[in-house]
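Below you'll find the structure, written out as C-alpha coordinates, and then a few comments.
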Amino acid sequence: MDSRFATTEAVVLNSIRFGEGHKIINLFTERFGRIEASAFGARKTKSRFGSRLEPFTISQLVLYRKNEDSPFSISEADIRFQDSSFSEEYEKYIIASALIESVVLFVAAGQIEAGLYRLLSESLRVLSSIPTNKCKYLLSMYDVQFLMHMGYTPNTSLCKKCGREMGESEASIDHFFGFPLCSKCAGDGSFTVLGGALRFIRWACEQPVFVSKKVKMEKTTLRNLRSVIELLYMHTFHRKPQSWKQLNALL
(Lines give C-alpha, C1' and ligand atoms only; values in the text may rest on other atoms or scores of the structure.)
Protein backbone atom coordinates (compact mmCIF):
# COMPACT_ATOMS: atom_id res chain seq x y z
CA MET A 1 0.00 0.00 0.00
CA ASP A 2 1.06 3.59 -0.72
CA SER A 3 2.91 4.95 2.37
CA ARG A 4 0.43 7.82 2.50
CA PHE A 5 -2.28 5.31 3.45
CA ALA A 6 -2.47 3.42 6.75
CA THR A 7 -4.90 0.85 8.13
CA THR A 8 -5.91 0.77 11.77
CA GLU A 9 -8.80 -0.26 14.00
CA ALA A 10 -10.38 2.65 15.85
CA VAL A 11 -13.07 3.53 18.38
CA VAL A 12 -15.15 6.53 17.33
CA LEU A 13 -15.23 8.90 20.31
CA ASN A 14 -17.23 11.84 18.95
CA SER A 15 -17.42 14.21 15.99
CA ILE A 16 -17.99 17.84 15.03
CA ARG A 17 -19.46 19.38 11.90
CA PHE A 18 -17.00 20.68 9.36
CA GLY A 19 -17.84 22.71 6.29
CA GLU A 20 -20.79 21.72 4.14
CA GLY A 21 -21.62 18.09 4.75
CA HIS A 22 -18.35 17.04 6.35
CA LYS A 23 -17.26 15.89 9.82
CA ILE A 24 -14.09 15.86 11.88
CA ILE A 25 -14.04 12.57 13.76
CA ASN A 26 -12.29 12.16 17.10
CA LEU A 27 -10.82 8.65 17.14
CA PHE A 28 -8.90 6.43 19.51
CA THR A 29 -6.84 4.22 17.24
CA GLU A 30 -4.80 1.12 17.83
CA ARG A 31 -1.79 2.38 15.82
CA PHE A 32 -1.74 6.15 16.30
CA GLY A 33 -3.44 6.79 19.64
CA ARG A 34 -6.04 9.55 19.86
CA ILE A 35 -6.30 11.49 16.61
CA GLU A 36 -8.68 13.65 14.60
CA ALA A 37 -9.52 12.74 11.01
CA SER A 38 -11.67 14.45 8.39
CA ALA A 39 -14.56 12.51 6.89
CA PHE A 40 -15.55 14.33 3.73
CA GLY A 41 -19.23 14.04 2.85
CA ALA A 42 -20.05 12.14 6.06
CA ARG A 43 -23.15 14.30 6.76
CA LYS A 44 -24.64 13.92 3.31
CA THR A 45 -27.74 11.76 2.86
CA LYS A 46 -26.00 9.27 0.58
CA SER A 47 -22.69 9.28 2.43
CA ARG A 48 -20.48 6.29 1.68
CA PHE A 49 -19.69 6.08 5.40
CA GLY A 50 -23.28 5.49 6.55
CA SER A 51 -23.26 4.76 10.30
CA ARG A 52 -19.64 3.59 10.32
CA LEU A 53 -18.42 6.75 12.07
CA GLU A 54 -21.05 7.03 14.80
CA PRO A 55 -19.87 7.32 18.45
CA PHE A 56 -19.12 4.02 20.25
CA THR A 57 -18.53 2.26 16.92
CA ILE A 58 -15.36 0.23 16.36
CA SER A 59 -14.35 0.41 12.72
CA GLN A 60 -11.46 -0.74 10.56
CA LEU A 61 -10.24 2.42 8.85
CA VAL A 62 -8.03 3.29 5.96
CA LEU A 63 -6.48 6.70 6.74
CA TYR A 64 -4.75 9.04 4.34
CA ARG A 65 -2.31 11.90 4.88
CA LYS A 66 0.15 13.56 2.52
CA ASN A 67 3.01 13.35 5.03
CA GLU A 68 3.64 12.92 8.76
CA ASP A 69 2.89 16.58 9.45
CA SER A 70 -0.43 16.57 7.56
CA PRO A 71 -3.83 15.88 9.16
CA PHE A 72 -5.54 12.54 8.60
CA SER A 73 -8.59 11.97 6.44
CA ILE A 74 -10.69 8.81 6.34
CA SER A 75 -10.63 7.01 3.03
CA GLU A 76 -12.51 3.81 3.96
CA ALA A 77 -14.38 2.50 7.01
CA ASP A 78 -15.75 -0.97 7.80
CA ILE A 79 -17.65 -1.71 10.99
CA ARG A 80 -16.10 -4.22 13.38
CA PHE A 81 -18.53 -3.57 16.25
CA GLN A 82 -21.67 -1.50 16.74
CA ASP A 83 -24.61 -1.80 19.14
CA SER A 84 -27.81 0.22 18.80
CA SER A 85 -28.67 -0.42 22.46
CA PHE A 86 -26.12 2.20 23.46
CA SER A 87 -28.40 4.87 22.02
CA GLU A 88 -31.68 3.13 22.91
CA GLU A 89 -31.02 2.20 26.56
CA TYR A 90 -30.32 5.22 28.76
CA GLU A 91 -28.13 3.45 31.32
CA LYS A 92 -25.96 1.75 28.70
CA TYR A 93 -25.62 5.09 26.91
CA ILE A 94 -24.36 6.74 30.12
CA ILE A 95 -21.87 3.91 30.75
CA ALA A 96 -20.62 3.96 27.14
CA SER A 97 -20.24 7.75 27.36
CA ALA A 98 -18.22 7.41 30.56
CA LEU A 99 -15.95 4.81 28.95
CA ILE A 100 -14.98 7.04 26.05
CA GLU A 101 -14.97 10.35 27.96
CA SER A 102 -12.02 9.25 30.08
CA VAL A 103 -10.00 8.84 26.87
CA VAL A 104 -11.20 12.18 25.46
CA LEU A 105 -10.26 14.04 28.64
CA PHE A 106 -7.09 12.36 29.84
CA VAL A 107 -5.28 10.72 26.91
CA ALA A 108 -3.07 13.18 25.04
CA ALA A 109 -3.41 13.49 21.27
CA GLY A 110 -1.02 11.09 19.55
CA GLN A 111 -0.30 9.20 22.79
CA ILE A 112 -0.03 5.59 21.60
CA GLU A 113 -1.48 3.24 24.21
CA ALA A 114 -2.15 -0.17 22.64
CA GLY A 115 -3.07 -1.72 25.99
CA LEU A 116 -5.50 1.06 26.76
CA TYR A 117 -7.01 0.74 23.29
CA ARG A 118 -7.64 -2.95 23.92
CA LEU A 119 -9.20 -2.13 27.31
CA LEU A 120 -11.61 0.39 25.78
CA SER A 121 -12.59 -1.71 22.76
CA GLU A 122 -13.08 -4.83 24.90
CA SER A 123 -15.15 -2.87 27.45
CA LEU A 124 -17.51 -1.62 24.73
CA ARG A 125 -17.98 -5.16 23.45
CA VAL A 126 -18.62 -6.48 26.97
CA LEU A 127 -21.07 -3.65 27.65
CA SER A 128 -23.07 -4.88 24.67
CA SER A 129 -23.39 -8.40 26.03
CA ILE A 130 -23.99 -8.04 29.79
CA PRO A 131 -27.24 -7.30 31.64
CA THR A 132 -27.88 -3.62 32.33
CA ASN A 133 -27.64 -4.16 36.11
CA LYS A 134 -23.99 -5.28 35.68
CA CYS A 135 -22.89 -2.22 33.69
CA LYS A 136 -21.75 -0.18 36.71
CA TYR A 137 -19.40 -3.00 37.74
CA LEU A 138 -17.93 -3.06 34.23
CA LEU A 139 -17.32 0.69 34.36
CA SER A 140 -15.71 0.39 37.80
CA MET A 141 -13.35 -2.34 36.56
CA TYR A 142 -12.55 -0.21 33.53
CA ASP A 143 -11.83 2.85 35.70
CA VAL A 144 -9.43 0.94 37.95
CA GLN A 145 -7.55 -0.41 34.93
CA PHE A 146 -7.66 2.94 33.09
CA LEU A 147 -5.89 4.55 36.06
CA MET A 148 -3.29 1.78 35.94
CA HIS A 149 -2.62 2.38 32.23
CA MET A 150 -2.26 6.10 32.95
CA GLY A 151 0.42 5.44 35.56
CA TYR A 152 -1.53 5.32 38.81
CA THR A 153 -1.25 1.83 40.31
CA PRO A 154 -1.80 1.95 44.06
CA ASN A 155 -0.25 -0.74 46.22
CA THR A 156 -3.40 -1.62 48.13
CA SER A 157 -1.44 -3.70 50.64
CA LEU A 158 0.59 -0.78 52.04
CA CYS A 159 -0.36 2.63 53.42
CA LYS A 160 0.53 5.31 50.86
CA LYS A 161 1.84 7.65 53.57
CA CYS A 162 3.67 5.53 56.17
CA GLY A 163 4.14 2.18 54.40
CA ARG A 164 2.28 0.23 57.10
CA GLU A 165 0.70 -3.04 55.97
CA MET A 166 -3.02 -2.67 55.37
CA GLY A 167 -5.67 -5.01 56.74
CA GLU A 168 -8.59 -6.44 54.78
CA SER A 169 -11.14 -3.94 56.06
CA GLU A 170 -9.27 -0.75 56.96
CA ALA A 171 -8.55 1.93 54.42
CA SER A 172 -9.11 5.61 53.70
CA ILE A 173 -8.44 7.90 50.77
CA ASP A 174 -7.24 11.48 50.86
CA HIS A 175 -7.32 13.98 47.99
CA PHE A 176 -3.70 14.98 48.69
CA PHE A 177 -1.99 11.72 49.77
CA GLY A 178 -4.08 9.36 47.66
CA PHE A 179 -5.00 5.77 48.44
CA PRO A 180 -4.87 3.71 50.57
CA LEU A 181 -4.23 5.28 53.97
CA CYS A 182 -4.18 3.33 57.23
CA SER A 183 -6.25 4.35 60.25
CA LYS A 184 -3.26 6.15 61.84
CA CYS A 185 -2.60 8.30 58.75
CA ALA A 186 -6.21 9.08 57.90
CA GLY A 187 -6.99 12.70 58.75
CA ASP A 188 -10.20 14.68 59.22
CA GLY A 189 -10.55 15.18 55.46
CA SER A 190 -10.11 11.49 54.60
CA PHE A 191 -12.88 9.37 53.11
CA THR A 192 -13.46 5.88 54.49
CA VAL A 193 -13.15 3.01 52.01
CA LEU A 194 -15.42 0.09 52.86
CA GLY A 195 -13.86 -3.37 52.94
CA GLY A 196 -15.94 -4.53 49.97
CA ALA A 197 -14.81 -1.59 47.85
CA LEU A 198 -11.16 -2.19 48.80
CA ARG A 199 -11.42 -5.87 47.89
CA PHE A 200 -13.06 -5.01 44.56
CA ILE A 201 -10.23 -2.62 43.63
CA ARG A 202 -7.61 -5.25 44.47
CA TRP A 203 -9.50 -7.83 42.43
CA ALA A 204 -10.24 -5.52 39.47
CA CYS A 205 -6.54 -4.78 38.96
CA GLU A 206 -5.96 -8.38 37.85
CA GLN A 207 -9.17 -9.45 36.09
CA PRO A 208 -10.39 -9.15 32.47
CA VAL A 209 -13.40 -6.85 32.22
CA PHE A 210 -15.76 -9.57 30.93
CA VAL A 211 -15.93 -11.09 34.43
CA SER A 212 -17.90 -8.01 35.53
CA LYS A 213 -21.02 -10.03 34.66
CA LYS A 214 -20.28 -12.22 37.71
CA VAL A 215 -19.98 -9.38 40.24
CA LYS A 216 -22.52 -9.02 43.05
CA MET A 217 -22.42 -6.02 45.36
CA GLU A 218 -24.66 -4.24 47.84
CA LYS A 219 -25.77 -0.74 46.84
CA THR A 220 -23.95 0.79 49.83
CA THR A 221 -20.68 -0.78 48.71
CA LEU A 222 -21.21 0.27 45.09
CA ARG A 223 -21.85 3.89 46.08
CA ASN A 224 -18.74 3.83 48.27
CA LEU A 225 -16.69 2.30 45.44
CA ARG A 226 -17.82 4.95 42.95
CA SER A 227 -16.94 7.70 45.47
CA VAL A 228 -13.47 6.19 45.90
CA ILE A 229 -12.97 6.04 42.12
CA GLU A 230 -14.04 9.69 41.79
CA LEU A 231 -11.48 10.66 44.44
CA LEU A 232 -8.79 8.63 42.64
CA TYR A 233 -9.54 10.54 39.42
CA MET A 234 -9.43 13.85 41.29
CA HIS A 235 -6.13 12.86 42.93
CA THR A 236 -4.62 11.79 39.59
CA PHE A 237 -6.13 14.22 37.06
CA HIS A 238 -7.71 16.95 39.26
CA ARG A 239 -11.03 16.49 37.43
CA LYS A 240 -13.55 13.80 36.57
CA PRO A 241 -15.79 12.97 33.57
CA GLN A 242 -18.95 15.05 33.26
CA SER A 243 -20.98 11.94 32.39
CA TRP A 244 -20.58 10.79 35.99
CA LYS A 245 -23.26 13.29 37.06
CA GLN A 246 -25.89 11.24 35.25
CA LEU A 247 -24.25 8.02 36.40
CA ASN A 248 -24.46 9.00 40.07
CA ALA A 249 -28.18 9.64 39.69
CA LEU A 250 -28.58 5.97 38.76
CA LEU A 251 -26.79 4.58 41.83
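The values are calculated or read from the model by the stated rules, or taken from the named source; none is laboratory data. This one's a predicted model, so the numbers in the text were calculated from it and none came from an experiment. As a convention, Cβ positions derive from the backbone with ideal geometry for all residues, glycine included, and neighbour counts pool all protein chains shown.
Computed values, structure above
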read-out	value
Any chance residue 75 is touching a residue at least 40 places away in the same chain (Cβ under 8 Å), polar (S, T, N, Q) and under 25 Å from residue 149 (Cβ atoms)	no
Matching entry among 20, 76 (being among the acidic types (Asp, Glu) and in a loop (DSSP other than H, G, I, E, B))	20
Residue list for the stretch 23-55, filter: in contact with a Phe, Trp or Tyr (Cβ under 9 Å, 6 or more places away or on another chain), at pLDDT below 90 and assigned to a loop (DSSP other than H, G, I, E, B)	40, 41, 42, 43
Subset of the stretch 203-221 (residues that are hydroxyl-bearing (Ser, Thr, Tyr) and exposed (fewer than 15 other Cβ atoms within 10 Å of the Cβ))	220
Residue ID - modelled with the lowest pLDDT, chosen from residues in the stretch 154-175 that are hydroxyl-bearing (Ser, Thr, Tyr) and touching a Pro at 6+ places or on another chain (Cβ under 8 Å)	156
Any hit, the stretch 120-138, residues being under 16 Å from the mean Cα position of the chain (by Cα), more than 17 Å from residue 237 (Cα to Cα) and of a type in the set (Asp, Glu)	yes
Tally of residues being within 21 Å of residue 92 (Cβ to Cβ), assigned to a loop (DSSP other than H, G, I, E, B) and within 17 Å of the chain's Cα centre (by Cα) across the stretch 208-251	5
Any chance residue 178 is exposed (fewer than 15 other Cβ atoms within 10 Å of the Cβ), modelled with pLDDT under 90 and either outside the structural domain of residue 130 (by TED's automatic domain parsing) or touching a Leu at 6+ places or on another chain (Cβ under 9 Å) (or both)	no
Only one of 120, 127, 138, 116 that is in a helix (DSSP H, G or I) and more than 23 Å from residue 245 (Cα to Cα)	116
Single residue of 102, 129, 87 found to be closer than 27 Å to residue 36 by Cα, surrounded by fewer than 18 Cβ atoms within 10 Å (Cβ to Cβ) and of a type in the set (S, T, N, Q)	87
Residues that are of a type in the set (Gly, Ala, Ser) and either closer than 13 Å to residue 61 by Cβ or not assigned by TED's automatic domain parsing to the domain that holds residue 50 (or both), drawn from the stretch 4-31	6, 10
Filter pass, residue 192 being in contact with a Phe, Trp or Tyr (Cβ under 8 Å, 6 or more places away or on another chain), surrounded by fewer than 20 Cβ atoms within 10 Å (Cβ to Cβ) and in contact (Cβ under 8 Å) with a residue 12 or more places away in the chain	no
